[in-house]
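Since every read-out is calculated from the coordinates, none of them should be taken as a lab result. No experiment lies behind these values; they were computed from the predicted model shown. Quick reminder, even Gly has a Cβ in these numbers, built from the backbone with ideal geometry, and neighbours come from all protein chains shown.
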Amino acid sequence: MTTPPRVRRNNSNSGQVVLDDLSKQIIEQLQADGRKPYAAIGKAVGLSEAAVRQRVQRLQDAGVMQIVAVTDPLTLGFPRQAMIGVNCEGDLDSVADELAAIDEIDYVVLTAGSFDVIVEVVCEGDGHLLEILSKIRAIPSVRTTESFVYLKLRKQTYSWGTR
C-alpha cells in the first residue's frame, strides 16, 4: 500500500503547500498533458492507477491544482483580449473582490508598481471591452484605468513545474 500524498501547509504565513516528490512528479506529468491517463502517470512515477487518482483528488481538494480545458478565445468568438491596469484608493482587497465579481474578468491580481490591480478580460469586440471598462470605472474606489490590448499572442504556458 502506498503512502498518502504529502500535502501540508508550510509553517509560514505564505500559504505555501509542501509536496512530496511523488506529488510533484504527478503534477509535472499533468502539466505536460492534462489528459494523460492515471495508469500512464502511475507507470511513469511508480504508483498504481488508484494511488495516482487518490493523490490527484487530494491535490485538487487542497487547492494545489485544478485540471481545466484551456481554450483559444479567438476560435470561440472572442477576438479582443486585454490587460487592464487599475489604480484605486481605499481597501485594495474589496476593490479586487468587486473586480473578480465581474463575469468577463478572468484574472485579478494585486500588484506593486504603477498599478494597484491588474485584470485580464476576454471580449467579443471593442464595444464589449468598452462595456467592461465602464463596469470597472463604476466601482467607487477606482480612480484610473489603463488598457493594454493584445495584438498577437506569442507564448502562453502553464508548465512552470514544481518546487
If you average the alpha carbon positions of segment 94-163 and of segment 33-58, how far apart do those two centres end up, in angstrom?
35 Å
Give me the number: length gained by fully extending K36 to A50, i.e. 0.36 nm times residue separation minus the C-alpha to C-alpha distance, one decimal in nm.
3.6 nm
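Count the lysine pairs in the chain whose Cα atoms lie under 28 Å apart, taking only pairs 8 or more positions apart in sequence or on different chains.
Numbers: K24/K36; K24/K43; K24/K155; K36/K155; K135/K152.
For the chain, the number of qualifying lysine pairs is 5.
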Would you mind giving the average projected area, over all directions, of the Cα convex hull of the chain in nm² with one decimal?
11.9 nm²
By average Cβ neighbour count within 10 Å, what is the ranking of 33-39, 135-141 from highest down?
135-141, 33-39
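Within the chain, what is the longest stretch that has no GluC sites (Glu not before Pro) placed in a DSSP loop and near at most 15 other beta-carbon atoms within 10 Å? Don't jump to the answer; show the numbers that get you there.
Working: sites that count: E89, E124.
The longest such stretch corresponds to 1-88.
Using a Förster distance of 22 angstrom, determine the FRET efficiency expected from the C-beta separation of A62 and D103, and round it to 0.05. Walk me through the intermediate numbers first.
Details: r = 27 Å, r/R0 = 1.23.
My answer for the efficiency is 0.20.
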Dividing the alpha-carbon Rg of segment 92-163 by 2.2 N^0.38 Å yields what?
1.22
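Do the sum for the chain: with -39,500 (n - 2.57) for every DSSP H run of n ≥ 4, divided by all residues, what is the mean residue ellipticity at 222 nm, to the nearest 500 deg cm²/dmol? If you can, show how the numbers build up before the last one.
Details: 5 runs with 54 residues, N = 163.
One gets -10000 deg cm²/dmol as the mean residue ellipticity at 222 nm.
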